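Engineer: Here it is: the structure, laid out below.
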Amino acid sequence: MEALALMILGLDPSLTAFGWFLGEFNSEWRLARVDSGCIETKPSKDRRVLAADDITRRVREICEELLGKLKEHTVSVILTEAAEEFLREKTGQKGAIRYGIAHGIPGSLASIIGVPIYTVKAVSARKAILGKPNGWTKPKIEKAVMPLIEGFKQETSQNRRWGVSDAALCALYSQHHPVASAILEVSHGRKPGSSARSLRHQQCLFGG
């Protein structure tokens with residue numbers, strides 16, 4: 001069976017800095033960057049604009065840019081960072097609402113374009129890819145992820161850098177997610193669950 005190109009889209013949802021990473025695995029299972037970026041939106045300074053309408057405008061800006069990228073590339077799997085870790089932290093009601101809205105965007109887009117989507121717990125991704133679940137700062141995550149991806153492009157501003165590196169970590173985790181990894185193996189002409197890596201995955205419970 002001929003191996004098929006499989007495009008992975010990793011997402012780090014946020015209304016302020018929505019990170020995204022498009023990558024493909026080569027024959028040696030190394031992830032190569034196809035495209036990446038971070039969509040930044042800012043609240044309106046016009047007091048006449050209702051807060052709810054302003055959030056709708058920001059969501060539309062994010063969706064329009066992501067849909068534009070999805071029209072340029074054929075994505076096979078989407079992996080997006082889960083929201084529950086943020087919601088466990090001390091945050092105000094408005095912040096929680098905005099974060100929840102941002103995390104609803106990936107599922108909506110996946111439904112529109114008909115692509116499977118899976119959530120990724122940050123601690124699971126860090127443990128599987130970086131070796132340990134905790135003790136990671138944003139700069140450390142970026143530094144650890146960069147050498148794992150062929151052609152990784154570092155963003156200019158801090159928010160953009162953190163958004164892209166977190167999204168890239170989600171894309172890397174596709175090799176460890178129990179369902180996404182099976183899709184990867186089929187695309188490369190392998191029987192799902194036949195590799196030693198997949199067998200180990202079936203013995204562990206990963207977030208997603």
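No value in this document is a laboratory result; all are computed from the given coordinates. For clarity, every value in this text was computed on a predicted model and none was experimentally measured. All Cβ positions, even for glycine, are placed from backbone atoms using ideal geometry, and neighbour counts span all protein chains on display.
Engineer: Identify all lysines with a Cα-Cα distance to Lys94 below 26 Å; exclude those on the same chain that are fewer than 8 residues away in sequence.
Structural biologist: Correct list for Lys94: Lys42, Lys45, Lys121, Lys138.
Engineer: Continuing with the same structure: How many nm is it between the label spots at Asp46 and Cys63, if each spot is 7 Å from the Cα in line with the beta carbon?
Structural biologist: The two pseudo-label positions are separated by 2.0 nm.
Engineer: How about segment 85-166: which GluC sites (Glu not before Pro) there are in a DSSP loop, with at most 11 other Cβ atoms within 10 Å of their Cβ?
Structural biologist: Sparse-neighbourhood loop GluC sites (Glu not before Pro): Glu89.
Engineer: Along segment 141-146, what does the Karplus equation 6.51 cos²θ - 1.76 cosθ + 1.60 (θ = phi - 60°) give for ³J(HN,Hα), rounded to whole Hz, x for Gly and Pro?
Structural biologist: 4, 4, 5, 6, 6, 3
Engineer: Going by average Cβ neighbours within 10 Å, how do the peptides 94-102, 74-82, 165-173 rank, with the highest at the top?
Structural biologist: With the highest mean Cβ count within 10 Å placed first, the list reads 165-173, 74-82, 94-102.
Engineer: For Cys63, Cys38, what ranking results if the residue with the fewest other Cβ atoms within 10 Å of its Cβ goes first?
Structural biologist: In increasing order of surrounding Cβ atoms, one gets Cys63, Cys38.
Engineer: Test of the criteria: in segment 19-54, which GluC sites (Glu not before Pro) are in a DSSP loop and have at most 11 other Cβ atoms within 10 angstrom of their Cβ?
Structural biologist: Of the GluC sites (Glu not before Pro), the ones in loops of segment 19-54 whose Cβ has at most 11 other Cβ atoms within 10 Å are Glu28.
Engineer: Could you list His177, His73 so that the one with the fewest beta carbons within 10 Å of its beta carbon is first and the one with the most is last?
Structural biologist: Ascending Cβ contact count within 10 Å gives the list His73, His177.
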